[in-house]
1. Work out the charge dipole of the chain with +1 on the Cβ of Lys and Arg and -1 on the Cβ of Asp and Glu about the Cα centre, then indicate which of Pro126, Ala97, Val146 is farthest towards its positive end.
2. Could you compute the FRET efficiency for Ser162 and Ala80, with r as their C-beta to C-beta distance and R0 at 22 Å, rounded to 0.05?
3. What is the packing order of peptides 90-102, 191-203, taking the mean over residues of other C-beta atoms within 10 Å and listing the highest first?
4. Amide H neighbours of Ala193 under 5 Å, at least 5 residues apart or on other chains, H built in the peptide plane: list them.
5. Using alpha carbons only, how many degrees (0 to 90, rounded to 10) separate the axis of helix 26-35 from the longest principal axis of the chain?
6. What is the angle, in °, between the Cα long axis of helix 144-156 and the longest principal axis of the Cα atoms in the chain? Nearest 10 is fine, range 0 to 90.
7. To the nearest whole percent, what portion of all C-alpha pairs in segment 181-266 is separated by more than 20 angstrom?
8. Which far-off residues, 5 or more places away or on another chain, put their amide H under 5 Å from the one on Gly132, with H placed in the peptide plane?
Amino acid sequence: MPITPTPPQTSITSILTRIKKNEITINEAEQQLRLLRFKEISHIARIDDKRAERTGVPEAILAEGKSSDDLVRIVQACLAGGGRILITRVSDAQINALRSGIDPRPRTMKWSKQARTLVCASSTTPPEKTGGKIGIITAGTADIPVAEEARVTANEMGCDVSVIYDAGAAGIHRLFPDLGNLVKKGVDAIVVAAGREGTLPTIVAGLVPVPVIGLPVSVGYGAGGKGEAALLSMLQSCSVLAVVNIDAGFVAGAFAARIANLAAVPRKRV
């Protein structure tokens, strides 16, 4: 049996709707669903452009380790026919290649040098707000770039994000006024980024009524530097918290946003 072509911008919901209307058979729907699994780009990449629909977490491109030419090809394919893509760990050379190499130029190209992220979209429409709310806290100023990667990711997933930067354990009095305001805003989850000894997530998790995600940062001296001490400290926390990998801002932001978006669902029903 020939495969029924999948229309542009097809979603799982639209396929199920077509079954309900008797426009396609179950076998045809199964074939179309298989085609939705990924978009193959020559031999270099397979883009999972239905990941957000399936899991709630968008497909993101890790620019690190990719040549500028390959990165341009991947982004170009992601944007074909409309779409939005988050690119992380983008170098200065890669951002220049993307700005000059994507044709037609995306209507949205939002570059954050600090977070090393680039958001490209075929329209100027921002992500739909979900009602999810998260907080992001850093122990020090050096932790901000990784925290910003988390912030950009959560924004792309429709969350409102509030930040408290440079509020580490060495001057813990800096934390309390803003932390109280964060709780009053009704955040659903908090990401805490810290390098060196990584104490701050444990402190925050012992004070707030929402899930806390520890984000170790590769900042520190000598033994246990490069984030190893922070990671082990968070894993040994006496407070209950989840911990992501060193410098994994995207993962921390996506995980917090996933929690927040799920928490927002019943609020919308009220």
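Rule-based calculations on the coordinates, nothing more; no lab input. Keep in mind it's a predicted model, so treat the numbers as computed, not measured. Here the Cβ is made from the backbone with ideal geometry for all residues, glycine too, and neighbour counts use every protein chain on show.
1. Farthest towards the positive end: Pro126.
2. 0.05
3. Packing proxy ranking, top to bottom: 191-203, 90-102.
4. When sequence neighbours closer than 5 places are left aside, the close amide H contacts are Ile137, Thr138, Ala139, Leu215.
5. 50
6. 40
7. That tail contains 32 percent of the Cα-Cα pairs.
8. Asp160
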